[in-house]
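Following: one structure in structure tokens, then a few remarks.
The values are calculated or read from the model by the stated rules, or taken from the named source; none is laboratory data. Keep in mind that this is a model prediction, so the values were computed, not measured. Every residue, glycine among them, receives a Cβ derived from its backbone with ideal geometry; neighbour counts consider all protein chains shown.
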Amino acid sequence: MNFKVYLGERSKASQNKPLAQLDFPNLPVGLKGVEKVTLSLDIDAKGALNVLAEHQATGRNLKLVVEGVGVKGKLMVTDEEVEKMVREGEEHKLENEESANRAVAASAMLSYACAMTTRGGHQTT
């Protein structure tokens, strides 16, 4: 299982700047939508982005540190790039919201389908 970390204001990852990738190797195989990983993001006083991932079933965790994300003058992007990302986020606000709504709906449908598959197709109330 891997997680990609992006910098940007857009709802689609492909429209943002990739920062890093966190790989979680050798996890036990689980059903899609059942395995749970908690991600925490924090920018510390030195401007480093700390990403912590914890696998709920095993309690295993991984930490990734991306240096220089939040320090003025040491950003991984220029002030102009930040302004551009904010401007594009504002310009594409409606498109971003629609994209996010589609992603939520697709995820809910996939979760429902997985739940029905694991229950043998019988709905319980």
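Applying the criterion of being surrounded by 12 or more Cβ atoms within 10 Å (Cβ to Cβ) and out of contact with any Cys (no Cβ under 9 Å at 6 or more places or on another chain) to the residues of the stretch 24-38, the residue that is nearest to V86 (Cα to Cα) is V37.
For the stretch 32-57, a residue qualifies if it is modelled with pLDDT of 85 or more and polar (S, T, N, Q), and the qualifying residues are T38, S40, N50. Go through the stretch 39-65 residue by residue and tally those that are within 15 Å of N26 (Cα to Cα), surrounded by 12 or more Cβ atoms within 10 Å (Cβ to Cβ) and not polar (S, T, N, Q). So the answer is 6.
Return the residues of the stretch 5-55 that are among the basic types (K, R) and under 19 Å from N96 (Cα atoms); say none if nothing qualifies.
Of the residues in the stretch 5-55, the ones among the basic types (K, R) are 10, 12, 17, 32, 36, 46.
Within the stretch 5-55, R10, K12, K17 meet the criteria.
Condition check: at pLDDT 80 or above, surrounded by 11 or more Cβ atoms within 10 Å (Cβ to Cβ), under 27 Å from E88 (Cβ atoms) and touching an Asp or Glu at 6+ places or on another chain (Cβ under 8 Å). Does L19 satisfy that? Write out each step before concluding.
Details: at pLDDT 80 or above: yes; surrounded by 11 or more Cβ atoms within 10 Å (Cβ to Cβ): yes; under 27 Å from E88 (Cβ atoms): yes; touching an Asp or Glu at 6+ places or on another chain (Cβ under 8 Å): no.
When the stated conditions are applied, L19 does not pass them.
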